[in-house]
Amino acid sequence: MARVFVTGSSTGLGLMAGQWLTAQGHEVVLHGRNQTRAEEAMAHVPGAQAAVVGDLSRIRDMRSVADQVNQIGPFNAVIHNVGIGYREPRRLETEDGLPQVFAVNVLAPYVLTALITRPARLIYLSSGMHHGTQPNLDDVLWRQRPWQGAQAYAESKLHDVLLAFAVARRWPEVRSNALEPGWVPTRMGGPNATEDMSKAHITQAWLAVSDDPLALSTGEYFYHQALRRPNPLARSEDTQDRLIEICSHLSGIALPN
């Protein structure tokens, strides 16, 4: 039995992963943006151990969620599922002066990785949209370019792969991987998504708890429990390190050695 924390687990793939893990007998801690969302998550996963609360667009709430998790922990695995989709019509700025997409999709996983007591496994959800983009680390805040929601999302998902690979390299005792769940009809994916919803939550749960030799990989990228070649730019150690520096600067939180 493993203890697993799943961010963004009041709806969609995070909720489905929590349900699957609980059904397999694992201890699951869920997360909701507010108290109502957390209670809804618990209602949909009656076997869950607890649900923590925090709006992960805000650095103060990222810190709070990490504190809540550490009070419950330690954990065997953390699934960084929380995310905002590709249809943001304009640059929404958080209280910290960050684009909401970057804050939730990139900075929140970074801060939680830095502050939560180190688990044995870390899983970061990316997207197939990361394959065709550049990291554009000179303008992660989208102050130099006209806003493009789909581009901002794609870049954030490349950043998630960079983060997963950076952690795998820096923390060799931790299995850190990224994956794409496929384009599926969640609230984020939209009603026109065409891929199989029944498979979309399995890989992240499998990476969190399975003893399959492939699931014990680190520094890899997956799709439906199989290795997939990531955007080659994600393998650049210099780019990984630069993203870590940017996240450390923006959050005021260093990634421990």
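The values are calculated or read from the model by the stated rules, or taken from the named source; none is laboratory data. Since the model is a prediction, treat every value here as computed from it, not as a measurement. Every residue, glycine among them, receives a Cβ derived from its backbone with ideal geometry; neighbour counts consider all protein chains shown. Heavy atoms of the whole protein, side chains included, go into the accessibility calculation; ligands, DNA and RNA do not. Shrake-Rupley method; radii C 1.70, N 1.55, O 1.52, S 1.80 Å.
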Worksheet item: the stretch 14-69: percent of C-alpha pairs farther apart than 17 Å?
Response: 34 percent
Worksheet item: Given 20 °C and 1.002 mPa s, how large is the Stokes-Einstein diffusion coefficient of the stretch 69-176 in µm²/s, with Rh as the Kirkwood radius over Cα pairs?
Response: 148 µm²/s
Worksheet item: When only the heavy atoms of the protein chains count and the probe is 1.4 Å, how do K199, K157 rank by accessible area, highest first?
Response: K199, K157
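From the helices alone, meaning DSSP H stretches of at least four residues, give me the mean residue ellipticity at 222 nm for the chain, per-run term -39500 (n - 2.57), in deg cm²/dmol to the nearest 500. Write out the running numbers ahead of the final one.
Working: 7 runs with 89 residues, N = 257.
My calculation for the chain gives -11000 deg cm²/dmol from helical runs alone.
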Worksheet entry | Relative contact order %, the chain, counting alpha carbon pairs below 8 Å whose residues are six or more apart | 18 percent
Fill in: Point-charge dipole on Cβ atoms (K/R +1, D/E -1) for the stretch 12-146, about Cα centre, debye to 20
200 debye
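Enter the accessible area per residue of the stretch 1-112 (Å², integer; probe 1.4 Å; all protein chains in place). Could the numbers behind the result be given before it?
Details: 4260 Å² over 112 residues.
Value returned for the stretch 1-112: 38 Å² of accessible area per residue.
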Discussion item. With a 1.4 Å probe and all protein chains kept in place, how much accessible area does W206 have, in Å² rounded to the nearest 10?
Written reply: 20 Å²
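Where the accessible area of the stretch 1-157 is counted over protein heavy atoms with a 1.4 Å probe, how much of it, in %, is carbon and sulfur?
Working: 2760 of 6060 Å².
With neighbouring chains kept in place, the figure for the stretch 1-157 is 46 percent.
Tell me which DSSP H helices of the chain clear both cut-offs, 15 Å or more of axial length from alpha-carbon atoms and a mean Kyte-Doolittle hydropathy of at least 0.5. List each step's numbers first, then the result.
On the way: long enough: 12-23 (17 Å, 0.88); 59-72 (20 Å, -0.44); 149-170 (31 Å, 0.20); 237-251 (21 Å, -0.56).
Helices meeting the span and hydropathy rule in the chain are 12-23.
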Discussion item. I'd like the accessible area for M16: 1.4 Å probe, protein heavy atoms, all chains in place, Å² to the nearest 10.
Written reply: 40 Å²
Response to the item:
One checks the Cα atoms of the chain and finds Rg and Dmax, in Å, of 16.4, 49
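Among 232-244, 76-88, 47-59, how do they line up by average Cβ neighbours within 10 Å per residue, starting with the highest? Intermediate results must be reported in sequence, preceding the final value.
Numbers: 232-244: 16.4, 76-88: 22.2, 47-59: 20.4.
Highest mean packing first, the order is 76-88, 47-59, 232-244.
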